[in-house]
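The values are calculated or read from the model by the stated rules, or taken from the named source; none is laboratory data. On a predicted model such as this, the values are computed, not experimentally measured, just so you know. Cβ atoms come from the backbone with ideal geometry, glycine included; neighbour counts cover every protein chain shown.
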Amino acid sequence: MKTREPATNAWRRASSLPFQKLDEEILVVDPRTRSVHLLNPSATRIWELLQTPASEARLLVSLCAEFDAPVEAIRADLVRSLGELEEKGLIGRDEVPRGGEGPADAAPERRGPA
Amino acid sequence: MIPREARCGDDELVGIDSGAKLVQSVQTWAHDRLVPLNASLEVTLACNIRCIHCYNFDRDAPRPGARAAHTPSGSELRVPPAPGGGCGTVGVAGAADGAPAAKPELTTEELLDVIDQLRQAGCLFLSLTGGEVLSHPGLFRLLDRAREAHMAVQLLTNGTLLRPGMAGRLATYENLLGVSVSLYGATPEIHDAVTQVHGSFRRTWAGIERLRAVGVVVRLKFVVMQPNAHETDAMIAAAGARGLAYTLDFTVTARHDGTAGSLTARITAAQREQLCRGPLRPLLPRGPRPAPPAQDFACNCARGNCAISATGDVYPCVSVPWAAGNLRDQSFAEIWRTSPVFARIRGLRLEDFGKCAPCPHRAYCSHDRGAAFTATGDYTGADPFVCAGAELTHRLAVESPRGTSEPADGPGT
């Protein structure tokens, strides 16, 4: 019998919010709060990656593959951006079974410049 | 982004309280990069009321033009047939017997494709309008598609078809900015005289209250005309009493079918001056204004704005029925990129607007291209009604420099 692995948090976009990319930034419109938000390039990339829900670890793997910077610096930027997006109500967290996202949940490895 | 204004009332948004400056800078971004960020999509010409000032076409006359792809469903409002074979209950497009071949409206499937094409081109703010948008049987499919495409939607409606179920269903759309509801009077007598449908005032307010009850943002749209000018302050008070935002406009243009009967509804010069010295005075500028820079004269037409007619014509904005192409013949992207009409508009400079360029009232003018185009057939022309408004606004601004006390609010009549 298969046992369920411990849950982890997957980040997801708040559902169906309108948005549009403007050069390197994304404008997100939130009719619920009657507000608009212009995401900086870091948050923009995270927003794009969250086209499908993903854990922080998976996001980190993706970002490390794209940016030539120390993992810790990327992690710090990711955590800060996730916090800001969550504070604005633009993203939220779902509990998903660990491993549900596939191998990208593994610890990130440094790779060369994107 | 260049921090100057892309001037156009057609990119006004319902339901955004914060970030107005950000939205303005994004509009300027779209203006400068030719991204159709704002699109008005006329989903049908069918309407269940028969406004005397309707810009679509004369709803009291037979019309050998477009034909509705559907019959508005669920309308309980009954319009008496107009003398001479009017449009009956739907007030639309019903070509008289023997009329020339009709140009059919876009089907729901075609409208869905138009939404996809607009999104692909960069449209974020989608206004669904009509006719009466709520009469379209495929409305919720269109809303579903816009939601899937992450577009922000606003509806422009007369509100009369907003039954409880519909209001509640609209409230489920997270991408719905709000609903703009047209109101033509503070009393049933006046409003219903404008719509020519008994009971429309009551139904419009019932619809507004239903939207409010389910948390949908409502903005009232007042068009001030001869029949309702004396109720302007009462209309403003009605909005204020309910905490509703509103826009107020004197603009009544000739119709897109080329008829001009709508113009008889325009306020008179005396009415306008009375209103501007009375209840509207606080809304008008005080003190001299510098003329805006020449490069700011170009509005958002065919730059950040576009409109699609119910029959697929692509316009530079909803107010200017100058067809740049038709979506049954070309893709939106092709029209947007290659249309000679759009190229002409985008290439205009201040000096091309012969009457406007030297005008001393330019800083006080709405530069209404729709009024100019429908009045003169020339996009660079000038509508004397708009010119008179600019002259009055200028005169009042100079009469009452900044810092002078506000006149007491009161009825302008």
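Out of segment B:234-263, which residues are modelled with pLDDT of 90 or more and part of a helix (DSSP H, G or I)?
Answer for segment B:234-263, where residues must be modelled with pLDDT of 90 or more and part of a helix (DSSP H, G or I): B:A234, B:M235, B:I236, B:A237, B:A238, B:A239, B:G240, B:A241.
Kindly provide the set of residues from segment B:323-376 that are within 21 Å of the chain's Cα centre (by Cα), among the hydroxyl-bearing types (S, T, Y) and assigned to a loop (DSSP other than H, G, I, E, B), ordered by number.
Within segment B:323-376, B:S366 is the sole residue that qualifies.
Please determine whether any residue of segment B:283-292 is of a type in the set (D, E, K, R) and not in a loop (DSSP other than H, G, I, E, B).
no
Given (1) modelled with pLDDT of 95 or more; (2) closer than 29 Å to A:H37 by Cβ, where does B:K221 come up short, assuming only one miss?
(1)
Please work out which residue is nearest to the other protein chains (Cβ to nearest Cβ), limiting yourself to segment B:146-159 and to residues that are among the small types (G, A, S) and in a loop (DSSP other than H, G, I, E, B).
It comes out as B:A149.
Restricting attention to segment B:298-315, report how many residues are farther than 18 Å from B:L350 by Cα and in a loop (DSSP other than H, G, I, E, B).
Adding up the residues that qualify gives 5.
Rundown of residues vs (1) part of a helix (DSSP H, G or I); (2) farther than 30 Å from B:L34 by Cβ; (3) in contact with a Leu (Cβ under 9 Å, 6 or more places away or on another chain); (4) without any contact (Cβ under 8 Å) to a residue 24 or more places away in the chain, yes/no style:
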position: A:V28; (1), (2), (3), (4): no, no, yes, no
position: A:V36; (1), (2), (3), (4): no, no, yes, yes
position: A:A43; (1), (2), (3), (4): yes, no, yes, no
position: A:I46; (1), (2), (3), (4): yes, no, yes, no
position: A:A57; (1), (2), (3), (4): yes, yes, no, no
position: A:V61; (1), (2), (3), (4): yes, yes, no, no
position: A:A65; (1), (2), (3), (4): yes, yes, no, no
position: A:A73; (1), (2), (3), (4): yes, yes, no, yes
position: A:A76; (1), (2), (3), (4): yes, yes, no, yes
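Here's a check for you: in segment A:10-26, which residue that is in a strand (DSSP E or B) and in contact with a Lys or Arg (Cβ under 8 Å, 6 or more places away or on another chain) is nearest to the other protein chains (Cβ to nearest Cβ)?
A:R12
Within segment A:27-53, take every residue that is among the basic types (K, R) and facing another protein chain (nearest Cβ under 9 Å) and give me the one that is surrounded by the fewest Cβ atoms within 10 Å (Cβ to Cβ).
The qualifying residue surrounded by the fewest Cβ atoms within 10 Å (Cβ to Cβ) is A:R32.
Please pick out the residue among B:E132, B:E105 that is buried (at least 20 other Cβ atoms within 10 Å of the Cβ), under 19 Å from the mean Cα position of the chain (by Cα) and modelled with pLDDT of 85 or more.
Result of the check over B:E132, B:E105: B:E132.
From B:L143, B:L176, B:L162, which residue is crowded, with 24+ Cβ neighbours inside 10 Å, within 14 Å of chain A (Cβ to nearest Cβ) and not hydroxyl-bearing (S, T, Y)?
Being crowded, with 24+ Cβ neighbours inside 10 Å, within 14 Å of chain A (Cβ to nearest Cβ) and not hydroxyl-bearing (S, T, Y) holds for just one of B:L143, B:L176, B:L162, which is B:L176.
Confirm whether B:Q295 is assigned to a helix (DSSP H, G or I), at pLDDT below 95 and more than 30 Å from B:R349 (Cβ to Cβ).
Taking the combined requirement at face value, the residue does not satisfy it.
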